[in-house]
Amino acid sequence: MINIALFGAPGAGKGTQSKMLVEKYNLTYVSTGEALRKEIAEKTPLGLRIKDIMDAGQLVSDEIVVEMIDKIIAGNTRNGVLFDGFPRNVAQAETLDRLLAKYGTSLLCMISLDVPREELVRRMLERAKTSGRSDDNEETIKNRLREYENKTLPVADYYKAKGLYIPVNGFGDIQEISKNIIDMIDKKIVENK
Ligand code: AMP
């Protein structure tokens, strides 16, 4: 199985590259952000609980996210899973390892999309014009980047220590970025054989 986590700040292009990877390797796509937005749109009890937190650009509790991930991994993992926006902190990373082990598998690698901060803000403000996302506004974007820097960046060190962290330049031509990601993943697959 090929399980990959896509890492990067908000606006780094994780959504775009995820689509490509899911098709290329025939993976199950898991975006915690998307799943949480769905709960809000459907006004479920969980959605009502998390709306204000997400609108403020903060991370929702690990418990909620981990339960979601566990259900998805348990239900559907044919060729592997692409995780977009998870793990978002070190506790979630540790949990992911445990969950994957529980289902007899592990993470192949974490691909980190590296993009300069000014470009991240520019992209998110551009996306705000059409995304309809209530967290794509200047104030919330600042909070989301702060959450990323404080809580999510340490996840990179966690995977570096395990030899699973692969940085890729995420600034430039989309096709070129996709190609670099695929090259890195293919190399990792060969190494693991
Ligand atoms: P995203 O679509 O990945 O940018 O996520 C949008 C929002 O969903 C984030 O700002 C958080 O409030 C929440 N979220 C998404 N994934 C997670 C996660 N793994 N842990 C905690 N909160 C999350």
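Rule-based calculations on the coordinates, nothing more; no lab input. Note that this is a predicted model, so its numbers are computed, not measured. So basically every Cβ, Gly included, is an ideal-geometry build from the backbone, and we count neighbours across all protein chains shown.
Has the range 35-58 got any residue that is closer than 27 Å to Glu138 by Cα and in contact with a Phe, Trp or Tyr (Cβ under 7 Å, 6 or more places away or on another chain)?
no
Quick one: count up the residues across the range 156-182 that are more than 16 Å from Ala5 (Cβ to Cβ) and small (Gly, Ala, Ser).
Looking only at that region, the number is 2.
Taking Ala74, is it near the ligand (Cβ under 10 Å from one of its atoms), in contact (Cβ under 8 Å) with a residue 12 or more places away in the chain and among the aliphatic types (A, V, I, L, M)?
The answer is no for Ala74.
When you go through Leu108, Leu96 one by one, which is the residue that is surrounded by 18 or more Cβ atoms within 10 Å (Cβ to Cβ), of a type outside the set (S, T, N, Q), within 28 Å of Ile177 (Cα to Cα) and more than 15 Å from the ligand (Cβ to nearest atom)?
Leu108
Looking at the range 102-193, what helices (runs of 4 or more DSSP H) fall wholly within it and have at least 3 residues that are within 26 Å of Asp70 (Cα to Cα)?
Of the helices (runs of 4 or more DSSP H) lying wholly inside the range 102-193, those with at least 3 residues that are within 26 Å of Asp70 (Cα to Cα) span 153-161, 174-192.
Looking at the range 13-46, which of its residues are within 15 Å of Ile2 (Cα to Cα) and either within 13 Å of the ligand (Cβ to nearest atom) or more than 16 Å from the chain's Cα centre (by Cα) (or both)?
Ser18, Glu23, Lys24, Tyr25, Asn26, Tyr29, Val30 - these are the residues of the range 13-46 that are within 15 Å of Ile2 (Cα to Cα) and either within 13 Å of the ligand (Cβ to nearest atom) or more than 16 Å from the chain's Cα centre (by Cα) (or both).
Filtering the range 77-93 down to residues that are in contact with a strand residue (DSSP E or B) (Cβ under 6 Å, 6 or more places away or on another chain) and within 19 Å of Ala12 (Cβ to Cβ), which residue is nearest to the ligand (Cβ to nearest atom)?
If we take residues in the range 77-93 being in contact with a strand residue (DSSP E or B) (Cβ under 6 Å, 6 or more places away or on another chain) and within 19 Å of Ala12 (Cβ to Cβ), then Gly85 is nearest to the ligand (Cβ to nearest atom).
I'd like the full set of residues that are exposed (fewer than 13 other Cβ atoms within 10 Å of the Cβ), within 21 Å of Leu107 (Cβ to Cβ) and not charged (D, E, K, R), limited to the range 154-184.
Pro154, Ala161, Gly163
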